[in-house]
1. Any idea which of Leu56, Asn84, Pro72 is furthest toward the positive side of the dipole for segment 30-90, if Lys and Arg beta-carbons carry +1 and Asp and Glu beta-carbons -1?
2. Could you work out how far apart the two model spin labels at Lys82 and Asn32 are, taking each label as a point 7 Å from the Cα in the direction of the beta carbon, and quote it in nm?
3. Expressed as a whole percent, how much of the Cα-Cα distance distribution for segment 30-90 exceeds 17 Å?
4. Would you mind putting 69-78, 6-15 in packing order, based on average other-beta-carbon counts within 10 Å, highest first?
5. Give me a comma-separated list of calculated 3J(HN,Hα) values for segment 55-64, in order, Karplus coefficients 6.51, -1.76, 1.60 applied at θ = phi - 60°, integers in Hz, x for any Gly or Pro.
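Each value in this text was obtained by applying a stated rule to the coordinates, not by laboratory testing. In this text, all values refer to a predicted model and were calculated from it rather than measured experimentally. As a convention, Cβ positions derive from the backbone with ideal geometry for all residues, glycine included, and neighbour counts pool all protein chains shown.
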Amino acid sequence: LVFFVSMLFLTLLLLFLALFPGAFNCCMKISNEIPKGILRRVERFEIQKADGLCHLEAVILYIEGKKFCVSPRIRKVKKWMKKNKHKIPRKKPHGRKHRRTKIIKKKEKKQ
């Protein structure tokens, strides 16, 4: 019985992790201050909304592989985010191969 219960728990845990991969990647605390010069070193950033699995609004700054959670209400951060929209990770463009294939096919049909 103990083995069955532990296997059931493990299965449910793995299922939860598979369905909600970002559940353990949320910022749990945010800083209301940001040290001078830190924004210059940011490689990319993400915006965490207070909905779904994460219960706190935050801006996640990635610097040298480390993650820093700051308040999105900091004036310096707001201004910096407007200037650096290109540092938001974008979803990979899809369909590029398909477009090339279609173009090639159209050229072949014309000949």
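1. Looking along the dipole axis, the top candidate is Asn84.
2. Taking the simple label geometry, Lys82 and Asn32 are separated by 2.3 nm.
3. Every Cα pair in segment 30-90 considered, those over 17 Å come to 33 percent.
4. Those peptides, ordered most packed to least, come out 69-78, 6-15.
5. Using θ = phi - 60°, the values come out as 10, 9, 6, 7, 10, 9, 9, 10, 10, 6 Hz.
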